[in-house]
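Undergrad: My structure is below; once you've seen it, I'll send some questions.
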Amino acid sequence: MSIIKNLIAGSWEESAETFITPLGTFSSATKVAVDRALIAAKESFQAFAETTTQERANFLKDLIHCLAANKDEIIAAYTAESQLPAARADGEFGRTIGQILRFVELLEEGNYLQPIIESKEGTADLRKMNHPIGPIAVFGASNFPLAFSTAGGDSISAFAAGCPVIVKSHPYHPYTSFKVASAIHQAVMNSGLPAGIFSHLQAEGHELGQDLVLHPLLKGVGFTGSFKGGKALYDMAQQRPEPIPVFAEMGSVNPMVILPHALANKEDLAKQLVDSITLGSGQFCTNPGLIIALGSAHERAVFEEALIRCIQTKEKQPMVHQSILTQFESKLNQHQKELKVVGGVPAAMGFTIATAFLKNLHWAEEVFGPYSLFIGCEQLTEVEAILNSLDGQLTLSLIGDDKDHKDVARLLPLAQEKAGRILFEGVPTGVAVTQAMMHGGPFPASTDNRFSAVGTDAIFRWLRPIAYQDCPDALLPPALQKKNPLHLSRVVNGVLTKESQ
Ligand code: NAP
């Protein structure tokens, strides 16, 4: 079998070192490969940054064709490397394509450039718009081999912004990553873009990722994974002579508060919760890991029984990788020793009360997989104490019916302090890829709570504003020129308009 090579700026390259997985022998990228990928990225950056939004939209459209043309091979690699079924791979493939399409639409509309013009008699002519920041390293997620990996949201938002991308393949799915990287390479060539805008590197161990983050030509990092990995890379990036932004999306237990009238009256709620906890075997960053229920002892007991009945109907689903299953079993085992746990690997729930939880705050740590901890509360002050004790979260749900609105209103400021997305109905799993989405939250849910990793606003992680003062019209980027040749909506002297100025 031939060796699977690293892609460095359009050329597939071997190195002396290799590593082996059941799907093949992979060439290990060295520090020299990192250096070459970054030099090529830097050299291609200006030309890529200057492409029009339509040229980058066309590149992304071509990428959709290249991925679709290789779909069968990509799905086969995905199912061989993960333990997930073909239906999940197929669904995630569709989501990946859908995400790329959202960025095509964003580019064709162009308003993400956010042109702002202040031009009045007697004052300086100031024109500001967003520009790409430079080469970006992407560390894909174990739990989403497609939608949050090589051609996932981080890479696509960076390409859309006009930033070159260097992907470090995930150790759980290097062959899937290689197949997707081949499609990206094809699209780069078809589009006539500089080859340096994309490199794909693979190796065993942390060294490759660290060399990438420490490379002086790198300007930003997109990461999805564990708190340990994300924080290590973030710290490293801040200690560089030139610190760079690291947008790491890490752990979250996505607390769901259920208020008394909802607890008593929402008939389907227990089923809805258990379905969400076990969706994809719980391997979603929005999995509800803490259920905080306020109500009388009787109502809580009835609800607990309903949850237990639902758990017991669940069948075993695969975890994405054996090592994730092992980590899940070990953390579940710890909870089993310390509190009442019902169920096991297919679906499990722990049960405790507020006073016990507040003495054991380590129970709030993420148990990545199909598990959630139910905490019974008698007073709203206990709910407040629990929420106050928690770290930053991706999501927080306040589930109440009309009669609970007073309590919801009282908890809302705490929810705003703790989470990036606040839900008032439903469950947090299922993240729409739209402009209004926020998928990020106060640390440690993510390292920069001002930005989203999902939805088209993810592009703003890779942009920075530049203001042009008294710049001759012909030297301005088209988005800022007087005649508004791109027909963008621009803020001109405080008014949103498509008029020339
Ligand atoms: P991970 O161990 O953080 O790895 C993510 C990526 O970072 C991999 O490419 C890994 O590659 C690299 N990496 C990790 N630590 C590094 C370090 N110190 N220096 C340089 N590179 C480093 O996460 P994972 O493998 O995707 O999943 C493991 C656990 O993360 C899961 O069991 C789960 O608990 C959690 N997780 C959480 C979410 C979430 O959204 N909440 C999502 C996915 C996973 P190398 O190992 O090759 O260096």
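The values are calculated or read from the model by the stated rules, or taken from the named source; none is laboratory data. No experiment lies behind these values; they were computed from the predicted model shown. In this analysis, Cβ positions are derived from the backbone assuming ideal geometry, glycine residues included, and neighbour counts consider all displayed protein chains. Just so you know, the surface numbers come from the protein's heavy atoms only, side chains and all, with ligands and any DNA or RNA stripped out. Shrake-Rupley method; radii C 1.70, N 1.55, O 1.52, S 1.80 Å.
Undergrad: Looking at the range 315-330, can you tell me whether even one residue there is under 30 Å from the mean Cα position of the chain (by Cα), open to solvent by 30 Å² or more (accessible area, probe 1.4 Å) and farther than 26 Å from residue 81 by Cβ?
TA: no
Undergrad: A further question on this structure: Would you check which residues across the range 463-485 are open to solvent by less than 80 Å² (accessible area, probe 1.4 Å) and touching a helix residue (DSSP H, G or I) at 6+ places or on another chain (Cβ under 6 Å) and list them?
TA: Listed by number, the residues that qualify are 463, 479, 481, 485.
Undergrad: Hey, another quick one. Among all residue pairs at least 6 apart or on different chains, which show Cβ distances below 7 Å where the first residue, located in the range 150-171, is among the basic types (Lys, Arg) and the second is within 16 Å of the ligand (Cβ to nearest atom) and open to solvent by 10 Å² or more (accessible area, probe 1.4 Å)?
TA: Sorted first by the residue in the range 150-171, then by its partner, the pairs are 168/139.
Undergrad: If we scan the range 257-279, do we find a residue that is assigned to a strand (DSSP E or B) and open to solvent by 10 Å² or more (accessible area, probe 1.4 Å)?
TA: No - not one qualifying residue is present in the range 257-279.
Undergrad: Another question, if that's okay. Could you check the range 11-84 for helices (runs of 4 or more DSSP H) lying wholly inside it with 3 or more residues that are touching a strand residue (DSSP E or B) at 6+ places or on another chain (Cβ under 7 Å) and buried (at least 16 other Cβ atoms within 10 Å of the Cβ)?
TA: 31-49
Undergrad: So, one more: Among residues belonging to the range 389-419 that are touching a Phe, Trp or Tyr at 6+ places or on another chain (Cβ under 9 Å) and surrounded by 21 or more Cβ atoms within 10 Å (Cβ to Cβ), point out the one that is farthest from residue 248 (Cα to Cα).
TA: So the residue we want is 400.
Undergrad: Condition test on residue 207, is it surrounded by fewer than 22 Cβ atoms within 10 Å (Cβ to Cβ), acidic (Asp, Glu) and more than 14 Å from the ligand (Cβ to nearest atom)?
TA: no
Undergrad: Taking the range 215-233 as the search range and keeping residues that are within 10 Å of the ligand (Cβ to nearest atom) and open to solvent by 30 Å² or more (accessible area, probe 1.4 Å), which one is nearest to residue 39 (Cα to Cα)?
TA: 232
Undergrad: For the range 85-100: of the residues being under 21 Å from residue 459 (Cα atoms) and of a type in the set (A, V, I, L, M), which is least open to solvent (accessible area, probe 1.4 Å)?
TA: If we take residues in the range 85-100 being under 21 Å from residue 459 (Cα atoms) and of a type in the set (A, V, I, L, M), then 100 is least open to solvent (accessible area, probe 1.4 Å).
Undergrad: Would you say residue 251 is within 19 Å of residue 453 (Cα to Cα), within 8 Å of the ligand (Cβ to nearest atom) and open to solvent by 30 Å² or more (accessible area, probe 1.4 Å)?
TA: So residue 251 fails the test.
Undergrad: For the range 355-390, which positions are touching a strand residue (DSSP E or B) at 6+ places or on another chain (Cβ under 9 Å), more than 16 Å from the ligand (Cβ to nearest atom) and of a type in the set (Val, Ile, Thr)?
TA: Within the range 355-390, 375, 383, 386 qualify.
Undergrad: Something else now. Quick one: is residue 193 touching a Lys or Arg at 6+ places or on another chain (Cβ under 8 Å) and either hydrophobic (A, V, I, L, M, F, W, C) or surrounded by fewer than 23 Cβ atoms within 10 Å (Cβ to Cβ) (or both)?
TA: no
Undergrad: Output the number of the condition that residue 183 fails; it satisfies all remaining conditions of (1) open to solvent by less than 10 Å² (accessible area, probe 1.4 Å); (2) within 16 Å of the ligand (Cβ to nearest atom).
TA: Residue 183 satisfies all of (1) open to solvent by less than 10 Å² (accessible area, probe 1.4 Å); (2) within 16 Å of the ligand (Cβ to nearest atom) except (2).
Undergrad: Then there's this: Which pairs turn up if I take residues in the range 89-114 that are under 23 Å from residue 496 (Cβ atoms) and look for partners that are in a helix (DSSP H, G or I) and open to solvent by 70 Å² or more (accessible area, probe 1.4 Å) with beta carbon separation below 7 Å, at least 6 apart in sequence or on another chain?
TA: Cβ pairs passing all conditions: 108/54.
Undergrad: On to the next question. Name the residues in the range 138-175 that are among the hydroxyl-bearing types (Ser, Thr, Tyr), surrounded by 24 or more Cβ atoms within 10 Å (Cβ to Cβ) and more than 13 Å from the ligand (Cβ to nearest atom), would you?
TA: 155, 157
Undergrad: Please find, within the range 391-413, the residue that is nearest to the ligand (Cβ to nearest atom) out of those that are among the aliphatic types (A, V, I, L, M) and closer than 23 Å to residue 276 by Cβ.
TA: 394
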